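The structure appears below as structure tokens.
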Amino acid sequence: MSLNEPPLQQPIPNEPLVVPNILLYSDEEHTKRVIKIHKSNTFCELIDLFRDKTLDLGQCEVIRIMDNGKEEAGEGIGILRDIFTDFWDTFYLRCCEGNSTKVPILRHDMQRGHWESVASIICNGLQFGYFPIKISLAIFEDAMYGKTEVDLVETFLQYNPYPDKVTIQYALEGFNVEIGELIDVLEVYNCKKYPNAENIKRLIEEIAHKEILQEPKFVIECWKDIFRNKLSVNRKELVQLYENKNPTVAKVLKLLKFPDVLELKEQIVAGYLKKFIKSLDEKGLQNFMRFCTGSNLMCYQLNVAFSMLSGFERRPTAQTCGNMLQLPCCYESVADLREDFIMFMNIFKTNMWEMDYV
């Protein structure tokens, strides 16, 4: 990596890397890095920090600075998961294209050093259970193993917005499609041939390969060496990672761990919680998991406890480091519980969420 490449905000001088928001804390046993990350600038600061390929946030004391300039009270693995979640939410918006499956795109302000930093962030995040499963599996297969086994046509369908996905599916399944709509879809990808029933399968395979693998090839090449040195994941484990980390209603319900003995009011509220989870869509499940654990992905277990909060104090609370959700026992309906949860989960949309458990 060349240190002459500019970061996303400030120029880097032609001298050894010095990151201004890393401090050193010394005690009798060791020297520990203290890293301050500004919540509103998480994306840029993490990329700059991980230009140091030896950086491991798990070995640092990480302090997050909120938009009001104050230090967030929370600490530990929960806040680290939340920081990685913030980073990847921004990465998907700024550096990717695609619908339910994302593919990295080239940007003039993202040079080799920046993409290598992203690869290091992927490796470090995996230590805390975070992996960017929205990025196409084919990208990681190519970067890690030099070949792909995933179905690129199916990946391409997930990459497209829903109306275009349906049009392509109809074209592949008997060519029962309005030809004008199909041409409009294919023109987006600079298709040079007129589609018909005989060539449509080959056209889609070629376009899928171009969009999913050829377009992000520079990014894949930047990631290869980092993954080779820092990751030891075989393909079966990689596929399982994608399957296990994606939240679904069934998987989230299975995560819940209630106390062995429940009073009647607690049993009722536990039923309200399950009914609320069943009502959530994909984004709602991700926000629920983030509220409880700091990460919008699945974890191994979610412990549920009950509190006596009532009146104006009534609200669900979470200790993200221990994957602990605490619910008041005073809810009289699933609608009451839903109202409180939705209010807190909607805070993620405003970027004003703050952890205050230590």
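The numbers here are math on the coordinates, done by the rules we state, and not lab data. All of these numbers come straight from a predicted model, not from anything done at the bench. For neighbour counting, all protein chains shown are included, and Cβ atoms are generated from backbone atoms with ideal geometry for every residue, glycine included.
Can you give me the relative contact order of the chain as a percent, contacts being Cα pairs under 8 Å and 6 or more apart? Please report the intermediate quantities before stating the final value.
Working: 470 pairs, mean separation 59.9, N = 358.
For the chain, the relative contact order is 17 percent.
Okay, helix-only estimate at 222 nm for the chain: each DSSP H run of n ≥ 4 adds -39500 (n - 2.57), divide by all residues, round to 500 deg cm²/dmol; what do you get?
Numbers: 15 runs with 164 residues, N = 358.
After summing the helix terms and dividing by the residues of the chain, the value is -14000 deg cm²/dmol.
Just to be sure I understand: of the beta bridges DSSP finds with both ends in the stretch 22-131, what percent are antiparallel, rounded to 5?
Working: 8 of 13 bridges.
Bridges in the stretch 22-131 that DSSP calls antiparallel: roughly 60 percent.
Just tell me the longest site-free run in the chain, where the sites are GluC sites (Glu not before Pro) in a DSSP loop having at most 12 other beta-carbon atoms within 10 Å.
Details: sites that count: 28, 29, 149, 173, 178, 198, 263, 332.
With a cap of 12 other Cβ atoms within 10 Å, the longest stretch comes to 30-148.
With θ set to phi - 60°, apply the Karplus curve 6.51 cos²θ - 1.76 cosθ + 1.60 along the stretch 193-209 and write out the HN-Hα couplings as whole Hz, x wherever there is a Gly or Pro.
Residue by residue, the stretch 193-209 yields 10, 7, x, 8, 4, 7, 10, 5, 4, 5, 4, 5, 4, 5, 5, 4, 5 Hz.
Mean projection of the alpha-carbon convex hull of the stretch 22-131 over all orientations, in nm²? Walk me through the numbers on the way to the answer.
Numbers: hull surface 31.2 nm².
Mean projected area of the Cα convex hull: 7.8 nm².
Give 134/251; 134/217; 134/165; 217/283 a once-over and call out the pairs whose C-alpha atoms are over 23 Å from each other.
Values: 134/251 18 Å; 134/217 18 Å; 134/165 17 Å; 217/283 30 Å.
The answer is 217/283.
Can you spot the lysines whose alpha carbon is less than 26 Å from residue 70's alpha carbon? Ignore those fewer than 8 places along the same chain.
The qualifying lysines are 32, 36, 39, 349.
Just need the relative contact order of the stretch 204-358 here, percent rounded to a whole number, with Cα pairs under 8 Å and 6+ apart. Display every interim value, and only then the final one.
On the way: 147 pairs, mean separation 30.8, N = 155.
Once divided by the residue count of the stretch 204-358, the mean separation gives 20 percent.
How high is the relative contact order of the stretch 32-74? Use alpha-carbon pairs under 8 Å, at least six apart in sequence, and give a whole percent.
On the way: 43 pairs, mean separation 22.0, N = 43.
Normalised by residue count, the contact order of the stretch 32-74 is 51 percent.
Going by how many other beta carbons lie within 10 Å of each one, how would you line up 56, 340, fewest first? Let's see the in-between values first.
On the way: 56 13, 340 16.
Listed from fewest to most nearby Cβ atoms, that is 56, 340.
In the chain, what percentage of the DSSP-assigned beta bridges are antiparallel, given to the nearest 5?
Numbers: 11 of 24 bridges.
Around 45 percent of the beta bridges assigned by DSSP in the chain are antiparallel ones.
What stretch of the chain, leaving out the sites themselves, is the longest with no trypsin sites (Lys or Arg not before Pro) in a DSSP loop having at most 13 other Cβ atoms within 10 Å? Display every interim value, and only then the final one.
Values: sites that count: 70, 107, 147, 192, 193.
Between the exposed loop sites, the longest stretch runs 194-358.
For 342, 65, what's the fewest-to-most ordering of other Cβ within 10 Å of each Cβ? Don't skip to the end; give the middle numbers.
On the way: 342 14, 65 17.
By the 10 Å Cβ count, ascending, the order reads 342, 65.
With a 10 Å Cβ neighbour count serving as the proxy for reagent exposure, in which order, fewest first, do 40, 307, 232, 120 appear?
Starting with the residue having the fewest Cβ neighbours, the order is 232, 40, 307, 120.
How big is the chain along each principal axis, measuring the range of its Cα positions in Å and listing the largest first?
67, 57, 37
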